[in-house]
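The values are calculated or read from the model by the stated rules, or taken from the named source; none is laboratory data. Note that the coordinates shown come from a computational prediction; the quantities given were computed from them, not determined experimentally. All Cβ positions, glycine included, derive from the backbone under ideal geometry; neighbour counts span all protein chains shown.
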Amino acid sequence: MGQFDGKVALVTGAARGIGQAIALKLAADGADLALCDLKAEWLEETAGLVKELGRRVECYSVDVSNAAGVDATVKQIEADFGKAVDVLVNNAGITKDGLLMRMSEEDWDAVLNVNLKGVFLFTKAAMRGMMKQRSGSIVNIASIIGLIGNPGQANYAASKGAVIAFTKTVAKELSSRNIRCNAVAPGFIKTPMTDKLSEEVQQKMLANIPLGRFGAPEDVANVVAFLAGDASGYVTGQVISTCGGMVM
Ligand SMILES: NC(=O)c1ccc[n+]([C@@H]2O[C@H](COP(=O)([O-])OP(=O)(O)OC[C@H]3O[C@@H](n4cnc5c(N)ncnc54)[C@H](O)[C@@H]3O)[C@@H](O)[C@H]2O)c1
């Protein structure tokens, strides 16, 4: 018996990286999966791996920052699975780094739209079903950068700091309906997002990680599974840094 048997989990940005690892961990623990990403065909690899775990999986092409698209996607998921979403993981995120002096309005808006508005839209769309069934767990993927800031990431830091504030407010608004909302703040996790950074930057980061290694997507997925499941039934509005001790 898995802790998510009979439950439907929706993961955004599930095509690769941390989102893929989260989908696989929730599936291994028994959940059926609704996978979302910009293009449904990018989700084939994750979907195949979920199927190998014996769980039901459906793929949805959606831009998390598009309100009409998000609403239609959540309605479709509820129709396809015949029930409300039990676990929502808002994972999709992007970076468009640059020093503030040179940061364009376009790059500011792009990052805020995906990282913050996307979390707002998916939470609002999925919470309706959760409220009706009077249960649900929402896990938002923030970042330690949203706690401590980082030169060259004003847009990203602002978006992730706002996700943390949003998480606490949702937790307060929905707790009376037995819906919990928490955030994970990953540190440096080896994914296509961080592979873009130069070897020099990566080595500098490593020197600041007490546990002496970069994180793996599975390190984040394990914390997400804890926050999504009943083992954390008395935990809401919290941010768990998953960063090898970089922030303490
Ligand atoms: N990798 C890290 O070190 C790290 C650290 C802290 C936080 N995070 C956060 O973890 C999350 C996942 O990061 P990752 O490293 O796996 O990134 P990634 O770039 O490897 O994967 C992100 C996924 O999100 C999807 N996506 C992007 N924009 C989208 C949109 N508008 N609509 C739908 N899907 C979209 C991408 O197609 C991709 O599949 C992000 O929110 C990121 O900010 C990552």
Subset of the range 77-111 (residues that are assigned to a strand (DSSP E or B) and either within 12 Å of the ligand (Cβ to nearest atom) or under 27 Å from residue 174 (Cβ atoms) (or both)): 87, 88, 89, 90
Among the residues listed as 50, 114, the single one being touching a helix residue (DSSP H, G or I) at 6+ places or on another chain (Cβ under 9 Å), near the ligand (Cβ under 10 Å from one of its atoms) and under 24 Å from residue 191 (Cβ atoms): 114
Residue satisfying condition, being out of contact with any helix residue (DSSP H, G or I) (no Cβ under 9 Å at 6 or more places or on another chain) and at pLDDT 95 or above, within set 69, 19, 30: 30
Cβ pairs under 6 Å, 6+ apart, first in the range 11-35 and more than 22 Å from residue 115 (Cα to Cα) and of a type in the set (Val, Ile, Thr), second within 14 Å of the ligand (Cβ to nearest atom) and in a loop (DSSP other than H, G, I, E, B): none
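So that you can scan it fast, the table gives a plain yes or no per residue for (1) under 15 Å from the mean Cα position of the chain (by Cα); (2) closer than 19 Å to residue 155 by Cβ:
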residue: 6; (1), (2): no, no
residue: 25; (1), (2): yes, no
residue: 52; (1), (2): no, no
residue: 59; (1), (2): no, no
residue: 64; (1), (2): yes, yes
residue: 83; (1), (2): no, no
residue: 95; (1), (2): yes, yes
residue: 101; (1), (2): no, yes
Failed item, numbered, when residue 137 is tested on (1) more than 16 Å from the ligand (Cβ to nearest atom); (2) part of a helix (DSSP H, G or I): (2)
Selection within the range 198-248 - touching a residue at least 12 places away in the same chain (Cβ under 8 Å) and of a type in the set (Asp, Glu): 218, 219, 230
